Amino acid sequence: MIFNSFQFLVFLPCVIFLYFAIPSKWRWLFLLLSSYYFYMSWKPEYAFLIVASTAIDYYSGMRMSAITDKKKRRPFLMLSIFTNLSLLLLFKYFNFFNESARAVFDSFNIFYNVPEFNMFLPVGISFYTFQTLSYSIDVYRGTTKAEKHFGYFALFVSYWPQLVAGPIERSGDLLPQLREEFKFEYNRVREGLIRIGWGFFKKVVVADRLSIFVQQVYQHPGEHGGFAVVLATWMFAFQVYCDFSGYSDIAIGSARMMGVNLTDNFKTPYFSKTIREFWQRWHITLSVWIRDYLYFPMGGSRVTYSRLMFNTMFTFAVMGLWHGANWTFVMFGVIHGVLLSVRRTADKFFPNLKFDLGPRLKWLTFAISAFWVFNLTCIPDIFFCSATSGDAMIQIQSIFTVPNTTHTLIHNSLTGADTSVQFILSWVFIAFLLFFDIRMYTNKDETIEGLITRQPVAVRWTFYVVLLIFVGWFAMTTNAAFIYFQF
Amino acid sequence: MKKLFRNIALLLLIYIVISQVAVNSLPFSWGNTRLNTKYEEFKSRVGDFNTIFIGASTTYRHIDPTIFDSRLAEEKPDWHIHSFNFGIPANRTPQSIYALKNLIEMKGNDIEYIVLDLSELTKMGVDNLHKKEMIYWYTRDNIVSVMQTSYDSEKGTLNKIGVPLLHLFSYGEKLLMVGMGSAMLEQHAGINIEELALGPDRNGYYSLDQEMVDDPEGDLAIRYDVLRTQDTIDFRTMQCQKLYDKYRDKGTGYSKTMEQELEDLIKLCNGKGIHMVVMLSQRLGDRYEYLIPLYNRLPEANKVSFANPAEYPELNDRNNLFDLAHLNRQGSILFTDLFATKFIEKVEAQEGADAR
């Protein structure tokens, strides 16, 4: 089930209520069953893969924990990596590589006849595969102990709040919390509810509303002028941010109500002053995963300059591919890699080159830097949002063309009775979002629930009522799926 | 936990109160752009209209007030007929009655003649639930009525529970204004208007032919090409005839709640000196099973039927049809003329009854 559904609105309070109502020794079983119910409500067949992945990783973990010699552990690590990556490659990437191979062979007029693999793409496979992979690698490295209780391990893999779209949790963080006995605590539940409300606002009020305008432009490449494409790309940047961080907020809030603290996945990323900082604030758990299990083993930054450039480009290409089986996502990663490499090169050769307007204009330096980085991140977003790389190139060309007055986003949005209110509302809600994001940023990356709960009661309740009215009255009620589910 | 429940309840209460204040600031027609457009036009033209046609798309597309008025001007010049078409696609009878009650309340003194085209009684297409076009209709009285109507129906227990539940869900959505904020702002901003709905003569009639010309990229062209083949028309006519013959004399299975509502409406009209005529158009599916018994219960002077295909073969002539359920411009001219004749008969019968 998706979070923005009526089904979930019934599921959430039932699970929370029952969680605290049943004896603590059975809670793991209840959460496991509810997690499988949550996941199987899409397609019951999905459960097969997650059970297979869980069983193999549990077996690998147990075997590795029984062996002290690291070399002898390796086959079990390989078993885990091979199984998980095979599932991922088969279900998510087989057709992509197959089609790419066909295109190459066709260009040389070589007969190529490997059929397509027409199976469903299991929801959230990229997330839980990475989560279980990290467990196996950590057990292999000896940085975490293997979980002996199969039930708890299965719950770690399938824990419903973060199962389908993260945050990608480490076993060392999540497993101990799943074992802990939590009592009902008003403040914690309240914080969870605030976070969930904020997540719903981002998803159903902002992201789903913005998609109306983004689709107008991105489904018709070449039909819009420069400013419309720029505007739509800005809107897409907020759409994808609100969509994904909204999901994370609902996940974090739901877990928080049950006592579990999930990792913050987003920390006001559009206030980053550099691309590097952006990736420390955007999809944090994926960035950290890639850093720890791919970038560092490749040598990280303690290598030669040329190797550093390669490491950067490679990890970002993998990160792009993780997002989806399409060259547009590879391009998304590669462009981010290029942007980061350019910055690293500049830092190496021009270490004193810094944009700074002085201490009196610190805020302006920050505003210009953040706006600059925001626009830089919009370049790869053009690929992210386009159906094909060709479409993305057309959109980039369109940025430099004179707008066609009959097809501009602004024109259509402000003259169509159905959309003019939605267009204005979109920007009102973005302003509302940014108002709180600025407050969170300036308070050292405080969370929304932290920010609200320390306010006086009148301010707090005003926020609750306004947020509820925004979510209730202005939700786009079409149950649009979360963008990151496809990953 | 008590504190949590108490605070959630308090928050919901505040939310519901604010939502209700917001809803009550809106006219009855809000949300449904076509109805709202027609309502605003009707309201702004004080004294221009004394006759209303109300119903679903068959009303909207079939009765041209300009032709009706000129025909009546020839035959009954002292009636001074000036009519307005309030037909709304997918409108069900309960919605038409609700709109009528509001119109009578607002302009009861101006209205002299009302024509109500019967359509489905309890159901609302599942696709139309949760839509802003339908949400305006959900009031406490209407919800009670829909529950009673479902209970009256001869359908199974599941249907008797399921249909009211679906409506209750939509009623809840209206109480909580779920997703309706934009529609409310559009209403207040005065942009909840679709000028085309008024048609070229600004009297609420808009022929499908004309709309297809005005909007060549819409789906009407597809409907016109795909649905209007002779074979499908013959099959549709045969089906309609079979259903009509099966239920023409049926006297049971009508909704007592709807009968009561229609009787109350007729009484309300009589009390205000308004002549009311209930019309039954050709329908498909299981509609005749419930509509004909209800129609049969109504006073003779208040009803007119076009439901029998054999009696009106011209209404199933390919040249007069736009698609399987609607007439084209030529067909609507013909139908308006046929209806005008029947209308005069019925109103005279009512006046005769009043005189006696």
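The values are calculated or read from the model by the stated rules, or taken from the named source; none is laboratory data. The structure displayed is predicted, hence computed values, not measured ones. Positions of Cβ are generated from backbone atoms using ideal geometry, with glycine treated the same way; all protein chains shown enter the neighbour counts.
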Just for helices (runs of 4 or more DSSP H) wholly inside segment B:21-104: which have at least 2 residues that are out of contact with any His (no Cβ under 8 Å at 6 or more places or on another chain) and modelled with pLDDT of 95 or more? B:65-75
Of the residues that sit in segment A:440-457 and are among the hydrophobic types (A, V, I, L, M, F, W, C) and away from chain B (no Cβ under 13 Å), which one is farthest from A:LEU193 (Cα to Cα)? A:MET440
With surrounded by 14 or more Cβ atoms within 10 Å (Cβ to Cβ), in the same structural domain as A:THR129 (by TED's automatic domain parsing), among the hydroxyl-bearing types (Ser, Thr, Tyr) and under 16 Å from A:TYR135 (Cα atoms) as the only criterion, which of A:SER41, A:SER80 stands out? A:SER80
Residue list for segment A:206-221, filter: surrounded by 17 or more Cβ atoms within 10 Å (Cβ to Cβ), part of a helix (DSSP H, G or I) and either away from chain B (no Cβ under 14 Å) or in contact with a Gly (Cβ under 9 Å, 6 or more places away or on another chain) (or both): A:VAL206, A:ALA207, A:SER211, A:VAL214, A:GLN216, A:VAL217, A:TYR218
Could you list, in sequence order, all residues of segment A:222-254 that are assigned to a loop (DSSP other than H, G, I, E, B), surrounded by fewer than 20 Cβ atoms within 10 Å (Cβ to Cβ) and not small (Gly, Ala, Ser)? A:GLU223
Residue hits (segment A:105-141; at pLDDT below 90 and among the aliphatic types (A, V, I, L, M)) are A:ILE110, A:VAL114, A:MET119, A:LEU121, A:VAL123, A:ILE125
Inspect all residues belonging to segment A:443-464 and state whether any of them is in contact with a Leu (Cβ under 7 Å, 6 or more places away or on another chain) and modelled with pLDDT of 95 or more. yes
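Taking the residues in segment A:420-439 that are farther than 16 Å from A:PHE201 by Cα and surrounded by fewer than 19 Cβ atoms within 10 Å (Cβ to Cβ) as candidates, determine which candidate is farthest from the other protein chains (Cβ to nearest Cβ).
Restricting attention to segment A:420-439, the residues satisfying the condition of being farther than 16 Å from A:PHE201 by Cα are A:420-421, A:423-424, A:438-439.
Among the residues that remain, those that are also surrounded by fewer than 19 Cβ atoms within 10 Å (Cβ to Cβ) are: A:420, A:424, A:438-439.
Working: A:SER420: 7, A:ILE424: 9, A:ILE438: 24, A:ARG439: 22 Å.
That would be A:ILE438.
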Would you be able to tell me the number of residues in segment A:113-153 that are surrounded by 19 or more Cβ atoms within 10 Å (Cβ to Cβ) and either of a type in the set (Asp, Glu) or without any contact (Cβ under 8 Å) to a residue 60 or more places away in the chain (or both)? 4
(1) touching a residue at least 12 places away in the same chain (Cβ under 8 Å); (2) under 30 Å from B:HIS188 (Cα atoms); (3) away from chain A (no Cβ under 14 Å); (4) among the charged types (D, E, K, R) all hold for B:GLU40 apart from (3)
Which one of A:GLY320, A:GLY358 is at positive phi and assigned by TED's automatic domain parsing to the domain that holds A:TYR293? A:GLY358
Would it be correct to say that B:ASN308 is of a type in the set (S, T, N, Q) and either under 27 Å from B:VAL144 (Cβ atoms) or assigned to a helix (DSSP H, G or I) (or both)? no
Being surrounded by fewer than 23 Cβ atoms within 10 Å (Cβ to Cβ) and within 14 Å of another protein chain (Cβ to nearest Cβ) narrows A:GLU185, A:GLU181 down to just A:GLU185
If B:ALA197 satisfies every condition in (1) modelled with pLDDT of 80 or more; (2) surrounded by 17 or more Cβ atoms within 10 Å (Cβ to Cβ); (3) under 30 Å from B:TYR15 (Cα atoms); (4) within 14 Å of another protein chain (Cβ to nearest Cβ) but one, which is the exception? (3)
Just one listed residue, out of B:THR237, B:THR336, is touching a residue at least 60 places away in the same chain (Cβ under 8 Å), within 30 Å of B:GLU211 (Cα to Cα) and more than 20 Å from the chain's Cα centre (by Cα), and it is B:THR237
Of everything in segment A:295-333 that's closer than 30 Å to A:PHE120 by Cα, among the aliphatic types (A, V, I, L, M) and free of Cβ contacts under 8 Å to residues at least 24 places away in the same chain, which residue is surrounded by the fewest Cβ atoms within 10 Å (Cβ to Cβ)? A:ALA317
Among residues of segment B:237-295, those that are loosely packed, with under 13 Cβ neighbours inside 10 Å and assigned to a helix (DSSP H, G or I), counted: 6
Can you name the residue in segment B:131-155 that is buried (at least 18 other Cβ atoms within 10 Å of the Cβ) and among the aliphatic types (A, V, I, L, M) and is also modelled with the highest pLDDT among such residues? B:ILE143
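Checking the conditions here, which among B:SER170, B:SER207 is of a type in the set (Gly, Ala, Ser), more than 10 Å from every other protein chain (Cβ to nearest Cβ), surrounded by 21 or more Cβ atoms within 10 Å (Cβ to Cβ) and over 30 Å from A:PHE201 (Cβ atoms)?
B:SER207
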Looking at segment B:11-31, which of its residues are more than 31 Å from the chain's Cα centre (by Cα) and facing another protein chain (nearest Cβ under 9 Å)? B:LEU11, B:LEU12, B:ILE14, B:TYR15
